[in-house]
């Protein structure tokens, strides 16, 4: 058992060389208990250390201090942690990731308690980046970061993390939450395609029992796919059977909404909305539902462009069930602006003429775009092959396979095990 | 009109369009349309015999919505039943008449009792005979016994029992002839019962017999199969079967179908489901079927008008026929579907050769308003049956030629996006599985 002062001295002495660090780590682990008992008085000690040099020691002391601190020093604590996260050295904190995570969580909790989630956004983003070995890894801090972004409405900050392609996942729960919050952030940014992608990961991922995250994601997924694609197709067959069987008990009214949307009639959609109004409210999805309604107007107008070269605003208003030509004009104008249809409005005689998509696929940009798509897809399929090879040579997997196979004839050994329906 | 690809000569085409609509109209007026008059029930009934005649008459009585016609049909049904032994149907018809035809068409208790008594006696006799045959194990006699039972039940209107007995004879059939007879009996009863799955089954069973079927039987089987397909809404197959029906049918199958019906059913199904070349090859150039068509000149006219693109007259003929077709026991359910199919076909065929079509002319050719036509075209465009777009301002329909190159690009990019998304999702799922797998393993170890 050492006193706090000698510990500080050790930290200061052993923080530079890598081999010393291991020794320091052991030392710190041993003194964990004593640190805990000293916790409330550790605050001043932190000033003696430089977070950018003595990150590991700083981390241990900060963690002990933070877990014991409540109340009036909060304000100070948040900035201390934020400063630490900003300046700490990645190699050192990676020795004790669980401590780092707990400190970051503390920051999040404090920021939320102060009702200033925005204070946690920037530090946590740095923390996520420091904790990630590569940008393909999901850390436990991802969901926490995204929650803060959502609460602070800093969607752009959150989206910067979402842009990475996550492949390596350790905790399914982290992953579910990451996708769910990420989906919500994308919805906030109206990046519906990305949102669909994230929510889709949740509902199609393998699960052995129902979970609330998947259900909420599924509700949002239905709404977003109606907004974005104008239709909702059924779940793919690799969806886990638990989920596809049970979702009806929880999300039936969303399915009904999708059916009424498919009819293409505003009146039917409205009546469905009225019927389940309370439920949408309790699900906090009213905003999305409203967007679904306006997307049906758009969808119907878009359908008209397939059939007509010219059409009067009056006719548009009638077919799409809008109340006035003025409203129809606004819709068409908005859609032209958003590049969703190609048309011109002739205000003199109230006619809209629809054009074909002017994209000729001849421009350099288009070729570049296609080329980059090809590159991306080739890289992806390479990754897929590597993954396949990895799995098929994984010792644990092979051991399990061998045990199962004994019951069968060894001759009918095929390379793809039936159990793995991905 | 086929050759009118040259769009520069618009004036000529316009003339042509007028000819489609206008000229055909004039011709129309000069031609008297026979079937626009009310159906002649007596003439209609005379082409059928047996149970179907009664069934058809009752059907007409139920649906015509016209008292004189209803009573006429019921009177004939009454007379017809009196010739047979079906007391069940008799009571039914008497109920339907409700004394509106005077005392002569009331409830004849003496007749009913007499028939029932005789039936009882006959049943007992047949029963005894059959039992005797069964103890003696003479196959042929047992078959005859069941057959007699089948006929007995059929005559008395117990179709279910008749079906069972006819089907039972199957185990005692020794020659192909017997099998064919059995199948035809079963088919007849099944049609009456409306059990068209049985019909299809037994038709194929008959066709599998090793013996070469005589042409009358073949024709009968074709008709039965055609009816079964019609009931199942497989109009194209139905049309083929009716078109294959041989002339030998003549009046040999009046207990099910009259040759006129073959022409009507076949003609309408063909119009609704065949494309232009098929129509030409299989219907118009079909010498055999042409003879059937001669029996129903209206249908022949419809087909010819359709083929030569005189849509107005074609549709008018169809409209005139409609009332009578709705009274047909087999076709009534399908009239609407067939008609709308034919109309769609006509619309598609009309627009096909043109690069642009004036909606006013087209509307007059189809005898409808421009707005109505627009709606119809809209539906067809949505279903991708017509590749065109409507210029609602100038009321012109422009054909739209899909740009293969652009669509290919579009599809390729879309495919790429989908692949991208799917593969990433797959990698993630695989990782989750792997993770879970490892977890479980480490717990076990």
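The values are calculated or read from the model by the stated rules, or taken from the named source; none is laboratory data. Quantities reported herein were computed from a predicted structural model and do not represent experimental measurements. As a convention, Cβ positions derive from the backbone with ideal geometry for all residues, glycine included, and neighbour counts pool all protein chains shown.
Out of (1) within 25 Å of residue A:166 (Cβ to Cβ); (2) at pLDDT below 90; (3) within 11 Å of another protein chain (Cβ to nearest Cβ), the odd one out for residue A:360 is which?
Residue A:360 satisfies all of (1) within 25 Å of residue A:166 (Cβ to Cβ); (2) at pLDDT below 90; (3) within 11 Å of another protein chain (Cβ to nearest Cβ) except (1).
Among A:296, A:333, which is surrounded by fewer than 16 Cβ atoms within 10 Å (Cβ to Cβ) and either part of a helix (DSSP H, G or I) or on the phi < 0 side of the Ramachandran plot (or both)? Lay out the reasoning, then the answer.
On the way: A:296 fails: surrounded by fewer than 16 Cβ atoms within 10 Å (Cβ to Cβ).
Matching residue, one of A:296, A:333: A:333.
Any residue that is out of contact with any helix residue (DSSP H, G or I) (no Cβ under 9 Å at 6 or more places or on another chain), on the phi > 0 side of the Ramachandran plot and either modelled with pLDDT under 85 or not in a helix (DSSP H, G or I) (or both) - is there at least one of those in segment B:126-140?
Yes, because at least one residue in segment B:126-140 is out of contact with any helix residue (DSSP H, G or I) (no Cβ under 9 Å at 6 or more places or on another chain), on the phi > 0 side of the Ramachandran plot and either modelled with pLDDT under 85 or not in a helix (DSSP H, G or I) (or both).
Give the residues of segment A:80-113 that are part of a helix (DSSP H, G or I), over 23 Å from the mean Cα position of the chain (by Cα) and within 21 Å of residue A:29 (Cα to Cα), sorted by residue number.
Within segment A:80-113, A:81, A:84, A:90, A:91, A:92, A:93, A:99 meet the criteria.
Does residue A:62 satisfy the condition of being under 30 Å from residue A:197 (Cβ atoms), more than 14 Å from chain B (Cβ to nearest Cβ) and crowded, with 20+ Cβ neighbours inside 10 Å? Outline the logic, then answer.
Numbers: under 30 Å from residue A:197 (Cβ atoms): no; more than 14 Å from chain B (Cβ to nearest Cβ): yes; crowded, with 20+ Cβ neighbours inside 10 Å: yes.
No: the conditions fail for residue A:62.
Report the residue count in segment A:100-124 for those that are surrounded by fewer than 19 Cβ atoms within 10 Å (Cβ to Cβ) and over 18 Å from residue A:149 (Cβ atoms).
1
Do you know which residues across segment A:127-165 are under 16 Å from residue B:428 (Cβ atoms), in contact with a helix residue (DSSP H, G or I) (Cβ under 7 Å, 6 or more places away or on another chain) and within 14 Å of another protein chain (Cβ to nearest Cβ)?
Listed by number, the residues that qualify are A:138, A:142, A:162, A:165.
Within segment A:321-338, track down each residue that is modelled with pLDDT of 85 or more and closer than 25 Å to residue A:228 by Cβ.
A:327, A:328, A:329, A:330, A:331, A:332, A:333, A:334, A:335, A:336, A:337, A:338
Restricted to segment A:397-408, and to residues that are in a helix (DSSP H, G or I) and modelled with pLDDT under 75, which residue is nearest to the other protein chains (Cβ to nearest Cβ)?
Going through segment A:397-408, the residues in a helix (DSSP H, G or I) turn out to be A:397-405.
Cutting the leftovers down to modelled with pLDDT under 75 gives us A:400-405.
Values: A:400: 7, A:401: 11, A:402: 13, A:403: 11, A:404: 12, A:405: 16 Å.
The extreme case among them is A:400.
Taking residue A:380 and the conditions (1) at pLDDT 85 or above; (2) exposed (fewer than 13 other Cβ atoms within 10 Å of the Cβ), which numbered condition does it fall short on, given that it satisfies the others?
Failed condition: (2).
Can you list the helices (runs of 4 or more DSSP H) found entirely within segment B:337-445 that contain at least 3 residues being within 11 Å of chain A (Cβ to nearest Cβ)? Walk me through it before giving the result.
On the way: elements: B:359-365, B:370-382, B:404-444.
Helices (runs of 4 or more DSSP H) meeting the threshold: B:370-382, B:404-444.
Can you spot a residue in segment A:308-321 that is over 28 Å from the mean Cα position of the chain (by Cα), surrounded by fewer than 20 Cβ atoms within 10 Å (Cβ to Cβ) and away from chain B (no Cβ under 14 Å)?
yes
Could you check how many residues of segment A:203-244 are over 28 Å from residue A:270 (Cα atoms), out of contact with any helix residue (DSSP H, G or I) (no Cβ under 8 Å at 6 or more places or on another chain) and in a helix (DSSP H, G or I)?
Going through segment A:203-244 one residue at a time, the tally reaches 2.
Pick from segment A:133-162 the residues that are in a loop (DSSP other than H, G, I, E, B) and at pLDDT 85 or above: which of them is surrounded by the fewest Cβ atoms within 10 Å (Cβ to Cβ)?
Residues of segment A:133-162 in a loop (DSSP other than H, G, I, E, B): A:133-136, A:138-140, A:153-154.
With at pLDDT 85 or above added as a condition, the list becomes A:138-140, A:153-154.
Details: A:138: 22, A:139: 26, A:140: 20, A:153: 14, A:154: 20.
In this case the residue turns out to be A:153.
For residue A:390, state whether it is at pLDDT 90 or above, in a helix (DSSP H, G or I) and more than 8 Å from chain B (Cβ to nearest Cβ).
Values: at pLDDT 90 or above: no; in a helix (DSSP H, G or I): yes; more than 8 Å from chain B (Cβ to nearest Cβ): yes.
Spelling it out, it is not the case that residue A:390 is at pLDDT 90 or above, in a helix (DSSP H, G or I) and more than 8 Å from chain B (Cβ to nearest Cβ).
Restricting to segment B:42-60, count the residues that are farther than 17 Å from residue B:296 by Cβ and modelled with pLDDT under 85.
Going residue by residue through segment B:42-60, those that are farther than 17 Å from residue B:296 by Cβ are B:42, B:49-55, B:57-60.
Those still in the list that are modelled with pLDDT under 85 too: B:42, B:49-51.
Looking only at that region, the number is 4.
Identify all residues within segment A:286-327 that are in contact (Cβ under 8 Å) with a residue 24 or more places away in the chain and more than 26 Å from residue B:400 (Cα to Cα); write none if there are none.
Step one: of segment A:286-327, the residues in contact (Cβ under 8 Å) with a residue 24 or more places away in the chain are A:288-289, A:291-293, A:295-305, A:308-314, A:316, A:320-322, A:325.
Answer for segment A:286-327, where residues must be in contact (Cβ under 8 Å) with a residue 24 or more places away in the chain and more than 26 Å from residue B:400 (Cα to Cα): A:288, A:289, A:291, A:292, A:293, A:295, A:321, A:322, A:325.
Kindly provide the set of residues from segment B:385-405 that are more than 14 Å from residue B:374 (Cα to Cα) and either touching a residue at least 24 places away in the same chain (Cβ under 8 Å) or surrounded by 18 or more Cβ atoms within 10 Å (Cβ to Cβ) (or both), ordered by number.
Of everything in segment B:385-405, those that are more than 14 Å from residue B:374 (Cα to Cα) and either touching a residue at least 24 places away in the same chain (Cβ under 8 Å) or surrounded by 18 or more Cβ atoms within 10 Å (Cβ to Cβ) (or both) turn out to be B:385, B:399.
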